[in-house]
1. Just to be sure, is S224 modelled with pLDDT under 95, under 18 Å from the mean Cα position of the chain (by Cα), at negative phi and not aliphatic (A, V, I, L, M)?
2. Is it true that R319 is within 15 Å of K265 (Cβ to Cβ) and either under 19 Å from the mean Cα position of the chain (by Cα) or of a type in the set (G, A, S) (or both)?
3. Test of understanding: among S292, S305, S312, which residue is among the hydroxyl-bearing types (S, T, Y), part of a loop (DSSP other than H, G, I, E, B) and assigned by TED's automatic domain parsing to the domain that holds N92?
4. Give the number of residues within the stretch 89-99 that are of a type outside the set (V, I, T), assigned to a strand (DSSP E or B) and over 14 Å from the mean Cα position of the chain (by Cα).
5. Taking the condition surrounded by 20 or more Cβ atoms within 10 Å (Cβ to Cβ) and either touching a residue at least 12 places away in the same chain (Cβ under 8 Å) or at positive phi (or both), does L70 pass?
6. Considering each of V278, V240, V293, V315 in turn, give the residue that is out of contact with any Leu (no Cβ under 8 Å at 6 or more places or on another chain), closer than 20 Å to A195 by Cβ and aliphatic (A, V, I, L, M).
7. Looking at the stretch 163-176, is at least one residue closer than 20 Å to V294 by Cβ, modelled with pLDDT of 95 or more and either of a type outside the set (A, V, I, L, M, F, W, C) or assigned to a strand (DSSP E or B) (or both)?
8. Mind counting the residues in the stretch 95-123 that are surrounded by fewer than 21 Cβ atoms within 10 Å (Cβ to Cβ), in contact (Cβ under 8 Å) with a residue 12 or more places away in the chain and either out of contact with any helix residue (DSSP H, G or I) (no Cβ under 9 Å at 6 or more places or on another chain) or not assigned by TED's automatic domain parsing to the domain that holds C252 (or both)?
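The values are calculated or read from the model by the stated rules, or taken from the named source; none is laboratory data. Everything numeric here is computed off the predicted structure, so don't read it as measured data. Cβ: placed from backbone, ideal geometry, glycine included. Neighbour counts: every protein chain shown.
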Amino acid sequence: MDHLTLKGSYYEMGLKYGKVLRSAGFRLPFISDKTRNFSEQCRDYISSIFPEYLEELHGIADATQLDYDLICAFALVVQEAPNCSIFAVSQNDHTYIGRNYDMYYNFEENLESTLCIPNNGYKSVAQSDIFVGREDGINEKGLGVAQSGIISYLKPGLAFWVNVRYLLDKCSSVQQGVDFLTNIPHYSTMTYLLADKKGTMTVVEIGPEDTCAIRESIDHYLVSTNHYNHPRMKDVDIYVPPDSYVRYDTICRALGTQKGRISEKTIKDILSSHEGLVCSHRDEIQLGTLWSVVYNLSDLRICRSEGHPCVSSYVEDTRLIDAIKT
């Protein structure tokens, strides 16, 4: 996993990132006219909601000397869906998010953890395997965000990796994040978990045609994997990975039995366990846990395992705390 620091205006951050890409010999893959046309429709929405994102793509295009329209097509349209396990839990004035990011092993070369310091946004540390976007993270206000892949019913709108980036850059609380997610056009179905340092936590389930369902915490915790849980979404026809329900049930059971005894170690133990396939090793299809992370939203502590957490130790990442101090 590459560790990056991007600071300045969105264009300046794109310019810096583009220089890194150019030095690494980055080349765009083939992009069909259909994908390009679809991305242009998505871009129209982004330009009115999160134009800074496009400014960053402009910087990348200029630094790499690649066509801006093709950069946008590459950065705004992705169809692979990760299999993820995420949960939030609050206890003794501490709120945590635990997250395993499960994806095909050939995505390992794309993994990044980025300290982002935008001029007009909040500082954050976030992980991703998607160009410019984010898939989980925490910002300086103690807002933590993670998504779990339920990608279907594609249409022009904002993709999940754009939305997670917006939430981290622009929102300081769960309520602000919910207001954003429930009032935008979405690129696909998806599930988002949001929690903040006040102990507020919510799962926002996005259905076809921008329908939204909100799940609140029960017994001070919330869990999401790769299927819908809200009754309003029970009839939505989506692909559910074969291990999604067992991961969900295993994490709920673990959090329930550990009630009153939750700590960072407890969360790491849950994420590292092979019980219920939480630490994923689906080697028959070359898919498994690429990173695991624990966010303590109350003190901005980040502990991350880069690889399977059953064998890769968690290491504290102090970049966000250090950036806030300077």
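1. Here the answer is no, as S224 does not meet what is asked.
2. No.
3. S312
4. Residues in the stretch 89-99 being of a type outside the set (V, I, T), assigned to a strand (DSSP E or B) and over 14 Å from the mean Cα position of the chain (by Cα): 4 in total.
5. For L70, the condition - surrounded by 20 or more Cβ atoms within 10 Å (Cβ to Cβ) and either touching a residue at least 12 places away in the same chain (Cβ under 8 Å) or at positive phi (or both) - is not met.
6. V293
7. no
8. 6
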